[in-house]
Amino acid sequence: MVSADRLLAFAAMSFLLIVIPGPSVLFVIGRALAQGRRAALTTVVGNTLGAYVLIVAVAFGIGAVVERSVLVFTALKLAGAAYLVYLGVKAWRERGSLHAAVTGGEGRDGSGGGAAQNGAARNGAGGRRTFWEGFAVGVTNPKTLVFFAAVLPQFVDRAQGHVAAQMLLLGLVFNVIALASDAAWGLLAATARDWFARSPQRLSLVGGVGGLTMIGLGVTVAATGRKD
């Protein structure tokens, strides 16, 4: 398996890369601003699991195919970018209804009644949808796939054998650090959103900002990358 010194070196490199806000952090912040703490954390979990699917792909050789094929790389990149833009537009269009969602949709008399139960059911379905949306963004990120394909083999000790298992372990270390970092960013952004939630106008504004952040991220993903 991976030696302790290689594992620590990879963990240190991963930490330095992860603490610098990148696309996944901006995506989580956008979700936190648009939909709040629960959506942000659910997105982090989905995104992290999606990224780990890419690690599995690299461990078993699929990453090399994407790395060599401009067509496959571009198709994945544009699919991920389009999905981010879609989520951003959706958040922007729904920004006016954020205050009712945050306050539980109470009526003027302050009663919740059956609306609270319906809200709980919607939250459950919404949580699953948020998870899979985060997963879709994570698993359609070709830059992450290429990064792992280029970096993971450098920390593998081939003399020890079980190369795929070593890559899976290294990827798990990376994802644990990323999970903690992205969750911290999401909680920080959601805390700021809670302050905005005291005013419908401010909450609508921050929801719009979150949507625009995701749209901008999608456009950036589509416009950058390989030119070969």
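Considering each residue of segment 2-17 in turn, at least one proves to be more than 17 Å from Leu84 (Cα to Cα), more than 14 Å from the chain's Cα centre (by Cα), in contact (Cβ under 8 Å) with a residue 40 or more places away in the chain and not in a helix (DSSP H, G or I). The single condition among (1) open to solvent by less than 60 Å² (accessible area, probe 1.4 Å); (2) hydrophobic (A, V, I, L, M, F, W, C); (3) modelled with pLDDT of 70 or more that Val45 does not satisfy is (1).
Looking only at segment 89-112, decide whether some residue is among the charged types (D, E, K, R), modelled with pLDDT under 70, buried (at least 16 other Cβ atoms within 10 Å of the Cβ) and under 25 Å from Gln166 (Cβ atoms). Checking segment 89-112: not a single residue is among the charged types (D, E, K, R), modelled with pLDDT under 70, buried (at least 16 other Cβ atoms within 10 Å of the Cβ) and under 25 Å from Gln166 (Cβ atoms).
Would you pick out the residues in segment 156-189 that are under 22 Å from Leu16 (Cβ atoms) and among the β-branched types (Val, Ile, Thr)? Selection gives Val156, Val173, Val176, Ile177.
Contact annotation: residue pairs with Cβ atoms under 6 Å, 6 or more positions apart or on different chains, pairing a residue in segment 145-169 that is in a helix (DSSP H, G or I) with a partner that is modelled with pLDDT under 80 and open to solvent by 40 Å² or more (accessible area, probe 1.4 Å), are Val146/Glu67; Ala149/Glu67.
Listed conditions (1) closer than 16 Å to Gln35 by Cβ; (2) at pLDDT 75 or above; (3) surrounded by 14 or more Cβ atoms within 10 Å (Cβ to Cβ) are all met by Gly119, apart from (2).
The values are calculated or read from the model by the stated rules, or taken from the named source; none is laboratory data. Remember, predicted model here, so these are calculated numbers, not experimental data. Methodologically, a virtual Cβ is constructed for each residue, glycine included, from the backbone with ideal geometry; neighbour enumeration extends over all protein chains shown. Remember, those area values only see protein heavy atoms, side chains included, never the ligands or the DNA or RNA. Shrake-Rupley method; radii C 1.70, N 1.55, O 1.52, S 1.80 Å.
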